[in-house]
Each structure stands twice: as structure tokens, then as C-alpha cells.
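Okay, so here's the structure we're looking at.
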Amino acid sequence: MAQNFLKKSFNMLLSRQTNILSAAFIIMATVILSQILGLVRTRLLFSIFGPSNTLGIYNYASILPDTIFQLTIAAALASAFIPVFSEYLSKGQEKDAHKMASTLLVTGITVFVVFSLVLVIFAPKILAIFNGGQNFSKLDMILMANLMRVIVVGQLIYIVGTFISAILQSYNHFFIPGIAAAFYNIGIIIGILLLHQYFGIYAVPLGIILGASIFVMLQVPFAKKVGFSFIPSFNFHKSQGISKIVMLMWPRTIQVGVQQIGTIILAAIIAFMAQPGRTNLLFDSAKTLMFAPISLIGLSIAQAAFPVLSREKNNLADFKMTFITSFNQMLYLILPASIIILVLRIPIVRLAYGADKFDWPATVLTGHILAFLSFSIFAQALIVLFYRAFYALHDSVVPLLVSAASTLVLIILGYYFVIIQNMGIESIAFAFSLANVLQLIILIVLLDKKVGGFPKILLFFPPIKIFIATFLMGISLYIPIKLLDQLVFDTTRTINLIFLAGTSSLIGLSFYLFLTWLFNVKEASTFLLIFKKIGNWKEILGKSDEVIDGTRMNP
């Protein structure tokens with residue numbers, strides 16, 4: 001019986017997801033696995049190299065290759081590819097869809113290779129932008145250049161894996177892309193473990209190459225299973241699909257470009273601080289913890305909702321209801337995660353990065369950064385959903401302009417705080433949160449105007465109740481953690497730290513669930529039903545109002 005249950009569950013995971021909530025849970029499960037492995041990878045790095053300048057140099061070396069990746073292929077896949085590819089499929093033009101997708105992949109790889117060659121050849125001169133404060137030595141800059149050259153190879157392979165993931169998601173398969181992304185981290189971990197004694201810090205980019213290769217190989221059989229056939233072609237100017245993608249993606253590409261420029265300038269500003277490699281490393285480490293719930297909840301729900309919103313673009317009534325439901329579901333899940341990170345920031349940092357070489361000053365500073373960043377976690381998660389809503393309406397211009405304005409605010413504030421006022425890295429975290437909250441407010445106003453107005457009661461009343469419940473949850477978290485830390489647990493021991501964080505979180509989440517149920521928040525009833533009938537989870541998820549295949553089910 002147990003074997004039959006496991007078999008049915010596994011088959012369900014490998015099958016097409018049919019509604020937003022079930023797809024979101026599949027994505028969340030794989031994201032959790034990927035994030036756990038990502039933390040293992042990071043903790044392993046800290047246990048070997050510590051929060052050192054060397055590891056920080058690797059961080060700087062990865063910025064520009066990632067920028068090229070984001071500009072050449074990620075922008076197209078995130079904003080334009082799935083709607084256009086899905087449109088082909090809905091018309092029964094599967095062969096044309098495959099040809100268009102293949103052309104896009106060939107074009108993206110070609111552009112990436114051209115820009116990467118420029119990086120590889122002129123690495124020392126280009127990377128000089130990160131040494132305006134002259135805090136990196138000549139040897140540091142040589143190491144940065146060499147690391148960047150190896151990272152580029154891994155990114156090239158990763159492009160192929162990301163492309164295949166988009167294909168599978170277009171067919172409403174979310175499990176395999178998620179598992180493959182998790183195994184990408186496993187490849188990096190294996191590379192670090194096996195190679196660090198021989199290659200030092202170079203083991204990290206070599207692990208990226210291994211992980212990216214695994215990422216691709218795991219997905220290829222399933223791409224063939226859904227019927228995808230690679231038809232290489234350079235005739236992108238003859239493909240209407242490619243032309244449509246270019247028209248849709250150019251604002252997104254510019255938006256990503258602006259964001260990446262912001263990341264580069266921010267890293268250059270941080271380089272004016274003492275020990276820039278270590279400082280930027282701790283900032284990125286705090287951002288990694290901050291992005292955990294954003295990836296788990298924000299990206300999962302937005303990614304699952306995107307195909308539905310794309311199909312409902314001509315029926316604004318359904319579009320609004322799908323968006324509001326996804327908005328409230330996301331807010332219901334992301335706010336308690338935000339408050340847990342804010343209140344338990346030091347225990348979280350210690351559990352995530354507390355290797356022997358990760359010293360106490362690094363722990364405290366990372367916790368301070370994380371506290372400032374946590375105030376915008378809900379905003380950053382919702383921004384992802386708003387972007388998908390605009391993309392589904394074939395509008396990439398609004399996200400571009402709003403994102404550019406937000407990035408400009410971040411750069412101006414960062415420059416003022418660090419260069420003029422000589423403030424610490426915490427000021428950058430504050431600027432980061434402020435810019436994102438402002439961006440969310442603007443997006444709410446503009447999307448409301450574009451769709452002719454959301455029902456204001458549904459858009460604002462449930463979030464107000466959720467915010468009140470979250471505030472009270474924060475108090476219920478703070479009190480027990482202070483009492484337990486001082487009177488019960490010796491938190492110098494890891495096991496006690498886990499019990500402290502776990503007990504406090506359980507108390508807080510239970511209180512939050514009770515309050516939202518008491519306040520009659522719809523999402524509380526939905527998730528309580530799932531928890532009560534966990535054995536019938538497939539049936540419960542199947543009752544979601546928003547379906548992926550275009551047929552709306554009755555509640």
C-alpha cells in the first residue's frame with residue numbers, strides 16, 4: 001500500500017500540473033531542496049575559506065558573467081518566451097514552436113559567447129571598475145580575472161539548462177526543472193569537496209561547470225519526452241515568434257541591464273569600504289538568506305500564476321481574480337517568513353553560516369544587514385508577481401521604467417551613505433529595502449490603473465488583516481526567544497540553537513495561524529484544510545480556483 005502511494009505520488013509529480021496552487025507547491029518543494037543545498041554549499045565554503053577576502057574576490061568575479069547571462073537569455077525566458085511559446089502550442093503549431101525556441105537558444109548562446117570573449121580577453125581592464133578605492137592588491141585583481149574566466153564556461157552550460165527548464169515549464173512540468181536546479185547545487189558541492197585541496201578557490205567555478213552539466217543532463221530526457229526537438233537555425237529574422245519575443249523582451253532586457261548596472265555600481269561603491277571582499281561577501285550572504293522566502297514563496301506563486309495570467313489577458317475579470325488570489329496567497333505566506341527572519345536573524349545566521357571560520361563579528365554584521373533587508377522581503381516577493389502580471393498583458397515597459405527608477409534611487413542613496421557620509425554596509429541594506437518598497441507602491445497604482453481598477457475591498461482589506469496578524473506574531477516571537485535564550489537554552493551549542501529557533505518559530509506561526517483564522521482570512525482556511533487533510537493533498541490542491549489548462553473550476 002505504501003509502495004503504491006509513493007508510486008502514485010511520484011507519477012503525479014512527473015505529470016503536468018493543472019492549477020496554480022498545485023504547481024506552486026511543486027515549485028516550492030523543489031525550491032526548498034535547492035535552497036537547503038545552497039546553504040550547505042555556502043556553509044561548506046565558509047568552513048573551508050571563512051568570510052575571507054579570497055572568497056569575496058570570487059564573489060566579485062561572478063558579477064559580470066552573471067550580468068551577461070541575464071542580458072542574453074534570462075531576460076527573454078523570464079518575460080517573453082513562455083507566453084509566445086504557449087501561444088504556438090495553443091494553436092497546435094508545435095513544430096513551429098520548437099523551431100522558434102531552437103533559434104532563440106542558438107542566438108542567445110552566440111551573443112553570450114561574443115560578450116564573454118570580450119570579458120575573457122580584457123578582464124584586467126574591465127574589472128578595474130571594482131577597484132576604485134584601491135583596496136584590492138594587484139594579486140587580488142589577477143585572481144579575480146582568472147576566476148571570472150572559468151566562471152564564464154559554467155554560465156555557458158547553465159544557459160542550456162535554463163532554456164530547457166523554460167520549455168518544460170511551458171508544458172506545465174515544474175518538478176523536473178526544480179529538481180535539476182537542486183542538483184546544480186549538488187554538482188558545486190561535489191566540486192568543492194573533491195577539488196579544493198588541489199585547486200583552492202578555483203574549486204568553486206570548477207564545481208559550477210560540473211553542476212551546470214548535471215543541470216542540463218537531468219532535463220534532456222524529459223524535454224524529449226514532451227516531444228521537444230532541437231532544430232538549430234540562425235534565421236531569426238524570418239521567425240514571427242522570435243520577432244514577437246524581441247518586441248516583448250527589449251524592455252525587460254533594458255530593465256535587467258539597469259538592475260545589473262545597479263548591482264555593478266553598488267559593488268563598486270562597497271569596494272570603497274575597508275576589506276571590500278569580506279564586506280561585499282557578508283552583504284551577499286545576508287541577501288541570500290533574505291531571498292530564501294522570496295524564491296520559495298514569491299517566485300513559486302508568480303511562476304505558477306504566469307501561464308494562467310497570460311491566457312486570461314483578454315478576460316480582465318478573470319485576470320483580476322487570479323491576480324488578487326495569488327497576491328493574497330503570497331502575502332499570507334511571505335509576511336510571517338519576513339518577521340521570523342527579522343526577529344531570529346542572529347540564530348538564522350549562526351545556523352546557516354556558523355562554521356568554525358565564520359567569526360562572531362561576521363555573524364553580528366550579517367545579522368544587522370539581514371535585519372534591514374527583511375523589511376522589504378514582502379515587497380520584493382510581490383514585485384515578482386506584478387512583473388508577471390504586466391508581462392502577461394504584454395507590457396514590459398512599465399516594469400522597465402519602475403525598476404529603473406528604483407535602481408536609480410538605490411544608487412543615489414548608496415553613494416550618499418557610503419561615499420559622502422562614510423556610513424557602513426548596513427546603510428546599503430536600508431537603501432535596498434526603501435527602494436523596493438517604493439517600487440511596489442508604484443506598481444500597485446499602475447497595474448490598478450491598467451486593468452481598470454481592482455475590487456478595492458479584495459485588494460486591500462485581506463492584506464490589512466494579514467499585516468495586523470503579522471505584527472502581533474512578531475511580538476509573540478520576540479518574547480519567547482528572549483526568555484528561552486536567557487533562562488532555558490545554552491545557545492552556544494548548535495542543537496540548543498535549533499531548538500530555540502524552532503520552538504519560537506512554532507509558537508509564532510501557531511499564533512499567526514490562529515489570528516488569521518480568527519480574522520476570517522480566506523487563505524488561513526485554505527491552508528488549514530490542507531494541513532487537516534494532508535493525506536488527501538492531491539484532491540485539496542485540485543480544488544484551487546485558478547487552473548493552468550484554461551478551465552476555471554468552481555470552488
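Read the figures in this text as sums done on the coordinates, not as results from a lab. A quick note: this is a predicted structure, and the numbers were derived from the prediction, not measured. No Cβ is skipped: glycine too gets one built from the backbone with ideal geometry, and neighbour counts run over all protein chains shown.
Structural descriptor for the chain: relative contact order 21 percent, calculated from alpha carbon pairs under 8 angstrom and at least 6 residues apart. Please compute the modelled spin-label separation between ARG43 and VAL111, points set 7 Å along Cα→Cβ, answer in nm with one decimal. Here the modelled spin labels are 4.0 nm apart.
Shape class for segment 11-251: oblate, because the ratio a/c of the largest to smallest gyration tensor axis (alpha-carbon atoms, square roots of eigenvalues) is 1.5 or more and b/c is at least a/b. Taking the fewest neighbouring Cβ atoms within 10 Å as the starting point, the ordered list for TRP360, TRP250 is TRP360, TRP250. In this simple spin-label approximation, ILE444 and LYS91 carry label points 7 Å from Cα along the Cα→Cβ vector, and these lie 3.9 nm apart.
Fully extending the segment from ASP359 to LYS138 would add 76.9 nm, taking 0.36 nm per residue of separation and subtracting the current Cα-Cα distance. Based on the alpha-carbon gyration tensor of the chain and its eigenvalue square roots a ≥ b ≥ c, which shape applies: rounded if a/c is under 1.5, prolate if not and a/b is larger than b/c, or oblate? Since a/c stays below 1.5, the shape of the chain is classed as rounded.
Contact order, relative form, for segment 273-548: 23 percent (alpha carbon pairs under 8 Å, 6 or more residues apart, mean separation divided by residue count). Scoring 27-35, 422-430 by mean Cβ neighbours within 10 Å over their residues and listing the highest first yields 27-35, 422-430. Sequence-ordered 3J(HN,Hα) estimates for segment 313-324 from the Karplus curve with 6.51, -1.76 and 1.60 and θ = phi - 60° stand at 4, 8, 10, 5, 5, 5, 4, 4, 5, 4, 5, 4 Hz, glycine and proline given as x. Across segment 422-447, the residues whose backbone nitrogen lies under 12 Å from the label position 7 Å along the beta-carbon direction of PHE460 are 445. Ranked by how many other Cβ atoms sit within 10 Å of their own Cβ, fewest first, the residues VAL445, VAL398 fall in the order VAL445, VAL398.
FRET efficiency for the PHE122 to PHE199 pair, using the beta carbon distance and R₀ = 22 Å, is estimated at 0.35. Computed from backbone phi with θ = phi - 60° and the Karplus coefficients 6.51, -1.76 and 1.60, the 3J(HN,Hα) list for segment 167-179 is 4, 5, 5, 5, 8, 6, 9, 10, 6, 5, x, x, 5 Hz; x is used for glycine and proline. Fully extending the segment from ALA405 to LEU506 would add 32.4 nm, taking 0.36 nm per residue of separation and subtracting the current Cα-Cα distance.
Here r is the Cβ-Cβ distance between ILE231 and ARG149 and R0 is 25 Å; the resulting FRET efficiency, rounded to 0.05, is 0.20.
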